[in-house]
1. Restricting attention to the stretch 235-242, does a residue exist that is surrounded by 23 or more Cβ atoms within 10 Å (Cβ to Cβ), over 16 Å from residue 173 (Cα atoms) and over 19 Å from the mean Cα position of the chain (by Cα)?
2. Working only within the stretch 83-116, note down all residues that are assigned to a loop (DSSP other than H, G, I, E, B) and buried (at least 24 other Cβ atoms within 10 Å of the Cβ).
3. Of 205, 148, 153, which residue is out of contact with any strand residue (DSSP E or B) (no Cβ under 9 Å at 6 or more places or on another chain) and assigned by TED's automatic domain parsing to the domain that holds residue 112?
4. Residue check, residue 297 against (1) touching a residue at least 24 places away in the same chain (Cβ under 8 Å); (2) surrounded by fewer than 22 Cβ atoms within 10 Å (Cβ to Cβ), all met but one. Which one?
5. When you go through (1) surrounded by 18 or more Cβ atoms within 10 Å (Cβ to Cβ); (2) at pLDDT 95 or above one by one for residue 178, which number turns out not to apply?
6. What number of residues in the stretch 122-131 are crowded, with 24+ Cβ neighbours inside 10 Å and within 22 Å of residue 78 (Cα to Cα)?
């Protein structure tokens with residue numbers, strides 16, 4: 001009769017000695033399953049040159065691509081964001097902040113400035129860039145097919161087609177023998193675009209007025225200088241700083257009645273005359289897919305850079321009517337979208 005209690009007592013002593021710590025740990029783990037799952041999620045770092053509001057449509061496209069690759073923010077991946085709020089000088093420090101975190105990869109979309117800051121911040125962490133320029137020419141990767149380092153990403157044709165904007169604007173305003181070009185001297189691709197636009201002007205037989213702007217405060221001077229130079233219109237080079245401020249540029253173009261053309265569809269959608277450039281929705285969605293591949297274990301050195309070759313032409317006929325401009329029928333028929 002007394003054996004039962006003794007056996008039970010001894011078993012309890014053995015259990016506490018050997019398993020008490022393990023049971024306590026298991027209790028803590030099961031007490032917060034949601035927290036444990038959250039801690040287990042892979043982490044991405046996202047480096048943005050602007051603010052979340054200006055990146056909204058790009059972020060939506062990026063998340064689409066990420067979801068297509070099997071990852072949904074907050075469920076199967078967490079994302080740490082850093083925003084430069086338009087001050088690109090902050091990008092290197094923000095990139096270093098991200099590189100110091102326990103991330104699976106860093107995403108650096110939105111142009112060469114962002115990509116270069118990420119490259120300088122880490123040689124260890126996998127990085128996905130997204131830009132309109134040539135990543136080989138900028139020294140980002142050894143080749144598109146075999147990047148060879150810790151970076152891979154997506155490249156579009158926005159920078160390469162800058163000269164086409166001049167050609168299109170000349171087609172719309174054939175009587176003009178002079179055009180202005182806006183360059184951002186802080187852009188890593190400014191000089192290559194300048195050379196391309198100068199060559200295009202020579203082939204068209206028109207003079208070129210080169211203008212520069214680094215900040216939004218200098219935008220109005222671009223349009224007044226275009227008018228004072230007697231130029232037929234203003235062509236914006238491919239630059240993220242210009243692209244993200246399409247609404248401000250469209251308002252100035254309308255108020256000062258200067259025909260202008262940029263890389264981003266956001267410009268004619270906001271009331272500007274024309275745009276011609278890479279499809280940013282596709283390029284940012286592709287960057288999400290690339291990030292998903294890295295999360296699944298792909299090696300950036302062997303993950304080919306994706307090339308987005310779609311280039312889109314948007315035309316705003318309301319802006320044209322306000323400036324007394326008639327578009328050639330051939331150009332209207334080739335446009336991806338005509339805003340009436």
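The values are calculated or read from the model by the stated rules, or taken from the named source; none is laboratory data. Keep in mind that what you see is a predicted model, and the values were worked out from it rather than measured. Quick reminder, even Gly has a Cβ in these numbers, built from the backbone with ideal geometry, and neighbours come from all protein chains shown.
1. The answer is no, given that none of the residues of the stretch 235-242 is surrounded by 23 or more Cβ atoms within 10 Å (Cβ to Cβ), over 16 Å from residue 173 (Cα atoms) and over 19 Å from the mean Cα position of the chain (by Cα).
2. Quick first cut of the stretch 83-116, residues assigned to a loop (DSSP other than H, G, I, E, B) only: 84-87, 100-104, 110-111.
Once the filter is applied, which keeps residues that are assigned to a loop (DSSP other than H, G, I, E, B) and buried (at least 24 other Cβ atoms within 10 Å of the Cβ), the stretch 83-116 yields 110, 111.
3. Numbers: 205 fails: assigned by TED's automatic domain parsing to the domain that holds residue 112; 153 fails: out of contact with any strand residue (DSSP E or B) (no Cβ under 9 Å at 6 or more places or on another chain).
After ruling out the rest, the residue left standing is 148.
4. It fails just one condition, (1).
5. Every condition holds for residue 178 apart from (1).
6. Filtering the stretch 122-131 down to residues crowded, with 24+ Cβ neighbours inside 10 Å leaves 126-131.
Remaining after also requiring within 22 Å of residue 78 (Cα to Cα): 126-130.
Number satisfying all stated conditions: 5.
One line per residue, one yes/no per condition, for (1) on the phi > 0 side of the Ramachandran plot; (2) assigned to a helix (DSSP H, G or I):
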site	(1), (2)
139	yes, no
155	no, no
159	no, no
176	no, no
185	no, no
188	no, no
197	no, yes
238	no, no
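Per-residue answers, yes or no, for (1) modelled with pLDDT of 95 or more; (2) within 21 Å of residue 307 (Cα to Cα); (3) not assigned by TED's automatic domain parsing to the domain that holds residue 334:
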position: 133; (1), (2), (3): no, yes, yes
position: 168; (1), (2), (3): yes, no, no
position: 172; (1), (2), (3): yes, no, no
position: 188; (1), (2), (3): no, yes, no
